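Scroll down for the structure; my scribbles are underneath it.
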Amino acid sequence: MVPVPLSSVESAIAPYLNTLQHTGPTIELVRGQTVPLPEASPQRDRILQKLTIALTDLCRSDRPDLHIWNIPHLIRTGLTTVRLPDLSLIDAPPEGALPLLESAPALTVEIVAPSRPRDDYRAKRSEYAALGISEYWIIDPDNRKVSVMLWSDGFYDCTEYSGNTGLVSPRFPLRSLTVEGLFGDR
């Protein structure tokens, strides 16, 4: 169903990648165990679309060296852990139908699922920091806030945005998009 390249992948995650060929991007591998992903919601899809448009504009004007990857892709964060983030900015487009990123993206974004907020706020935050992802955004629709994590000396410094505040990170300032605008129904 979904071809997954197995070249240069150690045997620790090969069974997981083989499973994805049959299931599609519906599971993550966490410490060697497969974990089903929550189903996407219309709200998540709207947020992802708005964010993609804003980041596309930013990349065109300020960061043409980066590519937006908002279709399923894999980030290996440990020997037996593979995550499927909602969106990443990367310096070169990956290859394959379900690519495994071998280097840290410039930005990774997770939209919090109501059933698994701990994953995004704790586990992925630690994993992405250890991997050296320089910026990690947690978009939390239930609490109507965006947490922007900036990597510094192996840890993330966090700034939270809410209301009509623009999403302004030092590296990816989305001046035209407010937090409320991101969560709005239109």
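Over what distance in Å are the Cα centres of segment 115-142 and segment 57-104 separated?
15 Å
Report the relative contact order of segment 39-183, percent, no decimals, based on alpha-carbon pairs under 8 angstrom and at least 6 residues apart.
Relative contact order for segment 39-183 comes out at 17 percent.
Give me V35, V109, V30, V82 ranked fewest to most by other Cβ atoms within 10 Å of their Cβ, as a rough exposure proxy.
V35, V30, V82, V109
Quick one: among L79, L55, L17, which has the greatest mean-square fluctuation in a GNM of the chain with alpha-carbon springs under 10 angstrom?
L79
Report the extension gain between A123 and T23 in nm, rounded to one decimal, defined as 0.36 nm multiplied by the number of residues separating them, less their alpha carbon distance.
33.6 nm
Each value in this text was obtained by applying a stated rule to the coordinates, not by laboratory testing. Given the structure is predicted, the values throughout are model-derived calculations rather than measurements. Here the Cβ is made from the backbone with ideal geometry for all residues, glycine too, and neighbour counts use every protein chain on show.
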